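Notes follow once the structure below has been shown.
Taken together, the values in this text are just the output of simple stated rules run on the coordinates, not laboratory data. No experiment lies behind these values; they were computed from the predicted model shown. In this analysis, Cβ positions are derived from the backbone assuming ideal geometry, glycine residues included, and neighbour counts consider all displayed protein chains.
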């Protein structure tokens, strides 16, 4: 080990988060139902295991680095947006927060046309509702709208 810094701390922190998420996905949410097939914890459980494996790979690879890591503005913007989506999910709900993130990403970072942005947004929202809410039965945080529904 030549250097211990933010890459190792981030990899360890995300690995712990992924392990907790896997426990919740496989245990509390219900991974598989013998009658109905995949449950609400199916996709989150699989993603958590993949995330855990990737975090461990990242951790081991990060020990090869010999110098401190310098983060760019775009990398910090993406981390900030992830935090923003997490916070907004509890305020306005997960689906509107993700919609705002997709709009921001497509228009500001990628500088796409409104046509392409709206097509991607419609596809993302259709997947979110169709796959996660309807098929897998995942209940999304509704934020302030929960009181209205």
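Let me make sure I get this right: for the chain, a, b and c are the square roots of the gyration tensor eigenvalues over alpha carbons, sorted descending. Under 1.5 in a/c it's rounded, otherwise prolate if a/b > b/c, else oblate. Which is it?
In terms of gyration-tensor shape, oblate.
Can you tell me the FRET efficiency between residue 139 and residue 78 if r is taken as the Cβ-Cβ distance and R0 is 25 Å, rounded to the nearest 0.05?
Plugging the Cβ-Cβ distance into 1/(1 + (r/R0)^6) gives 0.40.
Relative contact order (percent) for the chain, with alpha-carbon contacts under 8 angstrom and 6 or more residues of separation?
24 percent
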